[in-house]
Amino acid sequence: MTISLEQIRQAIPARGNGAPARCASHKSAILALLRERGPQGVLGSELYNLPAKFGRSPRNRISELRKDGCLISGKPRGASDWHYVLLRDTSGAKPSSDDWFEREHGPRPGAHPWKKAFSEKRLADPDVFVLTPPEPSGE
């Protein structure tokens, strides 16, 4: 008995195109928690302990977030746990900070020109300070 290529094609199981739609809410809940926690991060065990909120496969949702462009670090914690920290989201924004100023007002402003050392100001604008040779003494 010979098997045709058509029969083999029919026997190949259909594959889905990614995670089911219901997983989108789990993925967004995980991203929201990672943003909220900031540098403190989230343990994988915390995510697995709340399957109604984060799903039964949170590590798969983290993998999908990474594929979407989120930069998430993951390091082993203990014998069987993982610690995840959101470094940057898909827009390139860093998660919330522990700094109260940044939480209230956004990123801190850069250094202002008037806060630079006086000599740096002079070096930045050559017209402000010009070196001239000493005047000859009349002796």
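A short reminder: the numbers here are calculations on the coordinates, not readings from a lab. The shown structure was predicted, so the numbers you read here are calculated from the model rather than taken from an experiment. Because the Cβ atoms are built from the backbone with ideal geometry, glycine has one as well, and the counts that use them run over all protein chains shown.
Odds and ends about this structure:
- Gyration tensor (alpha-carbon) shape descriptor, segment 6-74, a/c threshold 1.5: prolate
- Here each label is just a point 7 Å from Cα along the line to Cβ, and for residue 25 and residue 60 those points are 1.7 nm apart.
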